[in-house]
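What follows is a short report on a single structure.
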Amino acid sequence: MDFESNYDIAATAEFIRTHKFTRVALQFPDDLLKDSTRVVRVLRKRLQSLRESDTTGSGDERDIGLYVMADTAYGSCCVDEVGASHINADCVVHYGHTCFSPTTSLPAFFVFGKASIGIADCVESVSQYALENSKPIMVLFGLEYAHSTQQIRKTLLESSTSCRSDISFADVPSPYMFPSKDSKKLNGPQEAVCGCSNNSNSDEASGTIYSIGGLTWKLPEGQKMEDYLLFWIGHDNAAFANVVLTFNACEIVRYDATKNQMVTDLSQQRRILKRRYYLVERAKDANIVGILVGTLGVAGYLHVINQMMELITAAGKKAYTLVMGKPNPAKLANFPECDVFLYVSCAQTALLDSKEYLAPVITPFEATIAFNRGSQWTGAYVMGFGDLINLPQVQVGNQEEARFSFLKGGYVQDFENQENVEEEQEDLALANATEKALQLRDNCNILIKGDAKSGAEFFANRTYQGLNIPDENTTPQPFVIGRKGRAAGYEDENNKH
């Protein structure tokens, strides 16, 4: 496939020209940054040809500025509106893999890319899978294979090996997006480029609309996703993990287009759900929660942060909001007082789970289960926080009642969040700081955190509290002249040699 077709140069130039954008930010992930200069050169040439061919005289004669953005502060799958605002961009052209999260203030045009795929081999795999099962099949795919879905469906209908008519395809999303002004409509279905569903009366018949990662499809009334078998075309990436967790009750198989083979063993992905349930139980016993801001561009993120803050506070726990860009174990280790971290980000970057993290990192959906007394996990899993915005206000149960902790193996009493009690017991908590300080276990070098209820109390319990001036020494002290020179060799060191 040629370069201009792979990067949708013609469609991108038409989008910029139609909406009369004059400052365009081009966002590239690290793996596509090598092609950025060539894309700018070809795109500028295309825009120039559109201007010269405009004979109506209604076009804008101002020069169009193209700015390349790289090294995003957060996930590369989201539109970097913060970086685009530094150059006062009118819109963002996003290249490569995307989570299709709604934007806050800037319109965006998405170039998914066009990965190569063997149409005949893929159709044969779908047909064989359909003949071996009796349930209807829903075909989902990575956005890099969206360009081939029409050809796959057409070849599948013409294939003589498949006599099934209940094979449906998800709709390809529109390549452009405008910011959502209403936070209650963040999950509305995007306008589809083409209808790939097999339901001829899908526009008239009532049914349920599903949307994930930009893909949308409609099921007839009376049918659920559990009634379908999912056939995924694409890589084993974050988008596929999102599908596996969201539709964990469905049987799912994956077609690897790079190796032209079917992958039916998804035990590793299924094990993730069990791990997430364990982290929910860990979060229930937490006293201090750090809310990690994982995005500054996805619409509704401020609403969710405030919603999580209210939920944590009502549950009798202390919450702190942290902004640090892309989180990693080294960054989170700077906040040892946090028993658990809550990561507010897009659906495809929300799962942060590694043995290197000193404290578990949960999602907003998992927080609603952990901090809502009396809630039970039904098995349904929500990755994007857009669905949580539309949920009714969470009613937190009575915190005075003891609850059973599976990790501690007994009943525990949660911290009562009463401001008056905090003020009265503040002096008592500081007086008993030595009893709650870090302790050594079994004469080993393993530190055990005390049951601190806030960051201030945790800081008071630490043996090292920074370079503070001792209270008993308040008299002025003479200053001392330090060493001179460079660290590689100070002047006094040279004199000694």
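Can you give me the ranges of the strands (runs of 3 or more DSSP E) entirely in segment 8-126 with at least 2 residues that are modelled with pLDDT of 90 or more and closer than 30 Å to K154 by Cα?
Fully inside segment 8-126 and qualifying: 91-95, 108-111.
Looking at segment 216-239, which of its residues are in contact with a strand residue (DSSP E or B) (Cβ under 6 Å, 6 or more places away or on another chain) and touching a residue at least 24 places away in the same chain (Cβ under 8 Å)?
Listed by number, the residues that qualify are T216, W217, Y228, L229, L230, F231, W232, I233, G234.
When residues of segment 316-337 are filtered for being touching a strand residue (DSSP E or B) at 6+ places or on another chain (Cβ under 8 Å), crowded, with 17+ Cβ neighbours inside 10 Å, in a loop (DSSP other than H, G, I, E, B) and not aromatic (F, W, Y), how many remain?
3
Taking the condition of being touching a Gly at 6+ places or on another chain (Cβ under 8 Å) and closer than 26 Å to T98 by Cβ, how many residues in segment 333-370 meet it?
So the answer is 10.
From the list L358, L352, exactly one residue is within 27 Å of A239 (Cα to Cα), outside the structural domain of L215 (by TED's automatic domain parsing), surrounded by 19 or more Cβ atoms within 10 Å (Cβ to Cβ) and free of Cβ contacts under 8 Å to residues at least 40 places away in the same chain. Which is it?
When all the criteria are applied, what remains is L352.
Could you figure out which of (1) free of Cβ contacts under 8 Å to residues at least 60 places away in the same chain; (2) of a type in the set (S, T, N, Q); (3) assigned by TED's automatic domain parsing to the domain that holds T258 isn't true of N133?
(1)
Could you list, in sequence order, the residues of segment 338-382 that are more than 15 Å from N242 (Cα to Cα), among the hydrophobic types (A, V, I, L, M, F, W, C) and assigned to a helix (DSSP H, G or I)?
Of everything in segment 338-382, those that are more than 15 Å from N242 (Cα to Cα), among the hydrophobic types (A, V, I, L, M, F, W, C) and assigned to a helix (DSSP H, G or I) turn out to be A367, I369, A370.
Among (1) within 30 Å of D90 (Cβ to Cβ); (2) at pLDDT 85 or above; (3) of a type in the set (D, E), there is one condition E251 misses while meeting the rest; what is its number?
Failed condition: (1).
Would you be able to say whether some residue in segment 369-392 is in the same structural domain as L296 (by TED's automatic domain parsing), touching a Leu at 6+ places or on another chain (Cβ under 9 Å), under 28 Å from I212 (Cβ atoms) and at pLDDT 85 or above?
Scanning segment 369-392 turns up at least one residue that is in the same structural domain as L296 (by TED's automatic domain parsing), touching a Leu at 6+ places or on another chain (Cβ under 9 Å), under 28 Å from I212 (Cβ atoms) and at pLDDT 85 or above.
Can you name every residue in segment 245-282 that is farther than 20 Å from E226 by Cα, assigned to a helix (DSSP H, G or I) and of a type outside the set (D, E)?
Matches in segment 245-282: Q268, R275, R276, Y277, Y278, L279, V280, R282.
Among the residues that make up segment 115-123, is at least one of them over 19 Å from H147 (Cα atoms) and not assigned by TED's automatic domain parsing to the domain that holds K331?
no
Name the single residue, out of those in segment 302-315 being under 18 Å from A286 (Cβ atoms) and either among the β-branched types (V, I, T) or not assigned by TED's automatic domain parsing to the domain that holds E366 (or both), that is surrounded by the fewest Cβ atoms within 10 Å (Cβ to Cβ).
T313
The values are calculated or read from the model by the stated rules, or taken from the named source; none is laboratory data. Please read all numbers here as calculations on a predicted model, not as lab measurements. Cβ sites come from the backbone with ideal geometry, for glycine too, and all protein chains shown count toward neighbours.
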